[in-house]
Amino acid sequence: MGSMQGDTARFDVAIVGAGIVGASIAWWLARLQPGLSVALIERDAGFEWASSQRSASSIRQQFSIPVNIEMSRFGLEFLSEAESLLSVDGESPAIGLTLPGYLYLASEAQAAGLRAQNAIQRAQGAAIDLLTPTELSARFPWLHTDDLALGAFGGGCEGWFDGPALHAAMVRSARAQGAQLIKGEATSFTHSGSGKLARVSGVQLNDGRLIECGLAVNAAGAWSRHLVASLGISLPVHARRRTVFVLSCPTPLPDCPLIIDPSGFWFRPEGRQFIFGTTPDPDTDDLPLEPNLIEFDEHTWAALAQRVPAFESVRVERAWAGYYEMNLFDHNALIGTWPGIEGLLIATGFSGHGMQQAPAAGRGIAELILNGRYTTLDLSALSPARLLNGQALMEANVIG
Ligand SMILES: Cc1cc2nc3c(=O)[nH]c(=O)nc-3n(C[C@H](O)[C@H](O)[C@H](O)COP(=O)(O)OP(=O)(O)OC[C@H]3O[C@@H](n4cnc5c(N)ncnc54)[C@H](O)[C@@H]3O)c2cc1C
């Protein structure tokens, strides 16, 4: 337990942001070292704006770089056991994990790239099958395949889950294990010294309270850039709005996976309906979190119906929007310490894959805090140091 005296409280670790990433860090810290005092600082009491409540909550193995595949493979392991791992007082959350697969579709020009990625995924132990257009038609008779050269399908190891339920369960379980949720808005990290000698020593809240800590973590998602600006850190993590459309279609599509069209849009079943999204153009920072309905225009509808003829009679039922915390440097998470600043760790920039990577990111940050190094999965490829030495770790498969 942290101690509170007047407007100052003291904790071993203070985490800003109780989205899935911050909550996972708190959960792993409390699990790996019971008795450690952990503060989870959150300004949005109902998580109204958190990306973790506005996600498409899907999990895949089809990434282009090994560390992402490894993180998601661990994510799947965690999700498979989440209902017991996150149970509190004998009550298990319903996470709703289902694994119908992702299906990446490639045109002739994209097929070589899909094959090369498949070799990387298979080398990591991911069971992703390459399917010819004939095999695609046999398996998914409702799919138009004439313009396709190849598909990559991960049935049984990829799918989706109830993200808001996972997030809520992670927060609840982290608290039950001893993490303390502090309602408040962080304005900055306090520090002693400057330049290369700076050491973060606390988190300042906008109501005057100060949370002193041994170590601080920035897990503030799409808002994480602003929080470290006063330390002279320039995080390339930008809030990019993504709209998700809920569609209904009178014709069922048996065994429909999450499909990524060669043109970039994606869709998947959600109960009896479907959800759909695409990459907005232009893609601007900090747009209001209202769905951009014009993203589903006549062209979108025609492209969707071209891929699945039954979607001729598709109807938009509703839509929502959330922020991708997009790392514009290389579309990959930034996980670890910040070179030259003591006492600060960051976990942000997941660029559309943070729900599935949160279990591995949380465990990784907890290991760094408790042991000074990774002891299970080595996440050092995702160190923020790469921003400073200019070595991008580009992820080719960013959806939407
Ligand atoms: C439309 C959409 C679809 C997605 N689809 C997928 C998917 O299919 N699979 C997948 O893995 N990922 C997906 N993602 C990405 C995933 O949802 C995010 O990567 C993940 O939720 C990020 O979690 P987070 O905890 O970092 O951020 P958030 O959930 O946004 O949490 C950050 C928290 O920090 C708080 N905060 C910020 N600043 C402060 C401050 N100054 N003081 C106090 N609190 C603060 C915020 O209130 C917020 O609650 C999707 C995202 C969107 C928007």
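The values are calculated or read from the model by the stated rules, or taken from the named source; none is laboratory data. Every value quoted in this text rests on a predicted model; they were computed, and no experiment measured them. Every residue, glycine among them, receives a Cβ derived from its backbone with ideal geometry; neighbour counts consider all protein chains shown.
Being closer than 18 Å to LEU388 by Cα and surrounded by 14 or more Cβ atoms within 10 Å (Cβ to Cβ) is the requirement here; does THR279 meet it? Answer is no for this residue.
Being under 24 Å from GLY19 (Cα atoms) and modelled with pLDDT of 95 or more is the requirement here; does LEU304 meet it? It is false that LEU304 is under 24 Å from GLY19 (Cα atoms) and modelled with pLDDT of 95 or more. So, ILE25, is that one in a strand (DSSP E or B), surrounded by 17 or more Cβ atoms within 10 Å (Cβ to Cβ) and on the phi < 0 side of the Ramachandran plot or not? So ILE25 does not fit the description; no. Taking the listed residues ARG225, ARG240, ARG268, the one that is surrounded by 13 or more Cβ atoms within 10 Å (Cβ to Cβ), of a type in the set (Lys, Arg) and touching an Asp or Glu at 6+ places or on another chain (Cβ under 8 Å) is ARG240, with no other qualifying. Among residues of the stretch 291-306 being touching a strand residue (DSSP E or B) at 6+ places or on another chain (Cβ under 6 Å) and not in a helix (DSSP H, G or I), the one that is surrounded by the fewest Cβ atoms within 10 Å (Cβ to Cβ) is ASN292.
How about the stretch 307-400: which strands (runs of 3 or more DSSP E) wholly inside it have at least 2 residues that are within 13 Å of the ligand (Cβ to nearest atom) and of a type in the set (D, E, K, R)? Before the answer, list the steps.
Numbers: elements: 315-327, 334-337, 344-348.
Qualifying strands (runs of 3 or more DSSP E): none found.
Scanning the stretch 176-194 for residues that are away from the ligand (no atom under 14 Å from the Cβ) and free of Cβ contacts under 8 Å to residues at least 60 places away in the same chain yields a total of 3. Please list, ordered by first then second residue, the pairs with beta carbon atoms under 9 Å, 6 or more apart or interchain, first in the stretch 37-53 and of a type in the set (Ser, Thr, Tyr), second in a loop (DSSP other than H, G, I, E, B) and at pLDDT below 95. Pairs that qualify, where the first residue is of a type in the set (Ser, Thr, Tyr) and the partner is in a loop (DSSP other than H, G, I, E, B) and at pLDDT below 95, are SER37/MET1; SER37/GLY2.
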